[in-house]
Amino acid sequence: MTVESIIKPLRYTGLIAALSGWITIFTAISVNPWFVFTRDAFSDLGAPDANMPWIYNYGLIITGLIIILYSIPQLYDSMNRIESFASAYTSVTGIFLILIGVFPSGTRPHVFVSTWFFIQGDLTILLWGIGLLIRGWKKLGLFFLLMSIIAGVIGFTVDWPSAATAEAFGVVVLDIWILGMLKVHKIL
């Protein structure tokens, strides 16, 4: 067994994490008919008074573990120190997602860990953008760099109708980044 044979399937864990996140959200919504996208927060689905809050909380923990796994092929495929550093930020992003599941809505650290999940994700995209620019991949590097800056500005300045709409925006940004990373992993 070679290192490459171990890394090859791990390159798909980014896509698996994206799917896992959305499956978690939609499954939790399906058992909580009171949830309104334009009024509530996704984290309400994991609050103690939600129906089966464990679906949301354990789903985030599992998705966070998958994100941590995704940092491994990123480190393997990195070509400079900034990209290596960015892969570490991917694992930190996964840790913060796990912490959202561990500290659900209504607990003291919840707002901190949920906010920092998105900040860490944005920093990951920013660092990959810088790293790819250093590598000489100008188009994808610039795309990630601008996506990070623009998404950060939009995320914090738009008057979102609900936390869920802002959270969905952040998740979609991360999903777009994961799709862009398929080129880095030589899948596309």
In region 1-24, how many are out of contact with any helix residue (DSSP H, G or I) (no Cβ under 6 Å at 6 or more places or on another chain) and either in a helix (DSSP H, G or I) or closer than 21 Å to Ser91 by Cβ (or both)? 11
Which number in (1) at positive phi; (2) in a helix (DSSP H, G or I) marks the one condition that Ala86 misses? (1)
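Rundown of residues vs (1) modelled with pLDDT of 95 or more; (2) over 30 Å from Thr38 (Cβ atoms); (3) within 14 Å of the chain's Cα centre (by Cα); (4) surrounded by fewer than 16 Cβ atoms within 10 Å (Cβ to Cβ), yes/no style:
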| site | (1), (2), (3), (4) |
| --- | --- |
| Gly94 | yes, no, yes, no |
| Ser114 | yes, no, yes, no |
| Ile130 | yes, yes, no, no |
| Gly136 | yes, yes, no, yes |
| Phe143 | yes, no, no, no |
| Ile154 | yes, no, no, yes |
| Asp159 | yes, no, no, yes |
| Leu174 | yes, no, yes, no |
From the residues in region 70-83 that are farther than 16 Å from Ile187 by Cβ and assigned to a helix (DSSP H, G or I), which one is nearest to the chain's Cα centre (by Cα)? Ser71
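May I ask you to say which residue of Ile66, Ile23, Ile7 is within 30 Å of Lys183 (Cβ to Cβ), within 13 Å of the chain's Cα centre (by Cα) and not charged (D, E, K, R)?
None of the other options fit; the residue is Ile66.
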Quick one: would you say Gly101 is within 11 Å of the chain's Cα centre (by Cα) and surrounded by 17 or more Cβ atoms within 10 Å (Cβ to Cβ)? no
Tabulated pairs, region 24-44, first without any contact (Cβ under 8 Å) to a residue 12 or more places away in the chain and surrounded by fewer than 20 Cβ atoms within 10 Å (Cβ to Cβ), second assigned to a loop (DSSP other than H, G, I, E, B) and among the acidic types (Asp, Glu), C-beta under 7 angstrom, 6+ apart or interchain: none
Can you pull out every residue in region 20-57 that is hydrophobic (A, V, I, L, M, F, W, C) and over 24 Å from Thr115 (Cβ atoms)? Val31, Trp34, Met52
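If I filter region 42-61 for residues that are part of a helix (DSSP H, G or I) and of a type in the set (Asp, Glu), do I get at least one hit?
Yes.
The values are calculated or read from the model by the stated rules, or taken from the named source; none is laboratory data. Source: prediction; values computed, not measured. Neighbour counts are summed over all protein chains in view; Cβ atoms, including those assigned to glycine, are modelled from backbone coordinates with ideal geometry.
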